[in-house]
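S.K.: Below: one structure in structure tokens.
The values are calculated or read from the model by the stated rules, or taken from the named source; none is laboratory data. All figures in this text were calculated on a predicted structure; none of them were measured in a lab. Glycine gets a Cβ as well: all are built from the backbone with ideal geometry, and neighbour counts include every protein chain shown.
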């Protein structure tokens, strides 16, 4: 249970990413196909996405590693939250008090697109902080083509190049088929 509480931010972050994007998509589809029900789905996604943005900002890890991207990520997260809250309050407020559905309003659609771009960029920054760069593809040395980081040699010098379980030329798999190969070449 403690693990879940410590990682709530990483659980909540996917709610605004998915729902703010789908809010915009539902409103555009409703506009194109003239389906009023899809505007309701768009509004529901917007409201739940705004609540998810609040939860994501409130649960953002305080003890996050010192990272140059952290301040930008925090800024764009708060900006996304504010834009989502304003959109949700205006849209629900006008629906309740004026019986006015804003799903087809071009200003709301542009503002929703801004929210989509903000949440996408915020997610990108967050992803850069927690996921290592994937230079190259499978079977390539870490650090990209033409060399890598410190301590990495060329293929054939005893360095494992592929993913786990891949056998390099000159290596035997101890214990039979499916066993983990060693990183040292056999003689």
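S.K.: Which pairs turn up if I take residues in the stretch 95-113 that are farther than 16 Å from residue 33 by Cα and look for partners that are assigned to a loop (DSSP other than H, G, I, E, B) with beta carbon separation below 8 Å, at least 6 apart in sequence or on another chain?
M.R.: Every condition considered, the pairs that remain are 95/101; 95/102; 108/102.
S.K.: Oh, and also: Taking residue 68, is it at pLDDT 95 or above and either more than 17 Å from the chain's Cα centre (by Cα) or within 12 Å of residue 119 (Cβ to Cβ) (or both)?
M.R.: Here the answer is no, as residue 68 does not meet what is asked.
S.K.: Further question: Is it fair to say residue 62 is in a loop (DSSP other than H, G, I, E, B) and on the phi < 0 side of the Ramachandran plot?
M.R.: yes
S.K.: In addition: Give me the pairs, please: first residue somewhere in the stretch 30-55 and in contact (Cβ under 8 Å) with a residue 40 or more places away in the chain, second residue anywhere and surrounded by 23 or more Cβ atoms within 10 Å (Cβ to Cβ) and not in a helix (DSSP H, G or I), beta-carbon distance under 6 Å, and either six or more positions apart or on two chains.
M.R.: What qualifies is 30/103; 39/103; 42/103.
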